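None of the figures in this text is laboratory data; all of them are computed from the coordinates on show. None of the values given here were measured: they were computed from a predicted structure. Note that each Cβ is placed from the backbone with ideal geometry, even for glycine, and that neighbours are counted across all protein chains shown.
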Amino acid sequence: MILITEDEFSVEEVVAGTKRPDAGAVVSFLGTVRDDGISGMEVEAYREVAMEELEEIREEAMEELDLLSVDVIHRIGPLSVGEDIVLIVCTAAHRREAFRGCEQIIDEIKRRVPIWKKEIRAAGDRWV
């Protein structure tokens with residue numbers, strides 16, 4: 001599953017949906033809005049291109065790392081400190097591949113996917 005949404009999501013439901021008999025590892029990465037002097041953030045995406053790029057990243061990781069499944073959810077819209085931004089769940093026969101999958105996918109999302117964050121601060125907003 002690849003999803004870009006304004007809605008909150010359930011980490012537990014996504015993880016539960018990835019369990020399968022041939023998977024010995026289910027690894028998740030959850031990115032949240034960090035309190036580093038901001039009151040919140042606004043996340044925007046070029047949705048059509050972002051979805052295509054996320055699908056490509058998913059397929060590359062599954063092939064290169066022998067993953068059994070990959071789910072990615074990325075939120076957009078206004079978010080407060082502590083809210084979830086991105087969830088990646090990788091399943092594999094072994095833990096090493098599942099951990100590598102989460103790391104590779106988040107790195108590629110940050111590098112390739114047209115998603116932008118604007119930090120909301122008392123001193124003024126800024127795009128990061």
Problem set entry | Residue that is farthest from the chain's Cα centre (by Cα), among those in the range 31-43 that are in a strand (DSSP E or B) and surrounded by 15 or more Cβ atoms within 10 Å (Cβ to Cβ) | Gly40
Problem set entry | Hits in the range 1-30 - residues which are farther than 18 Å from Arg95 by Cα, of a type in the set (D, E, K, R) and part of a loop (DSSP other than H, G, I, E, B) | Glu6, Asp7, Glu8
Exercise. How many of the residues making up the range 104-124 are over 18 Å from Leu3 (Cα atoms) and touching a residue at least 60 places away in the same chain (Cβ under 8 Å)?
Worked result: 5
Exercise. Is at least one residue of the range 75-82 closer than 25 Å to Pro21 by Cα and under 14 Å from the mean Cα position of the chain (by Cα)?
Worked result: no
Seminar exercise, completed: Scanning the range 1-57 residue by residue, the ones that are at positive phi and free of Cβ contacts under 8 Å to residues at least 24 places away in the same chain total 0
Exercise. Any residue in the range 50-67 that is touching a helix residue (DSSP H, G or I) at 6+ places or on another chain (Cβ under 8 Å), in a strand (DSSP E or B) and crowded, with 18+ Cβ neighbours inside 10 Å?
Worked result: yes
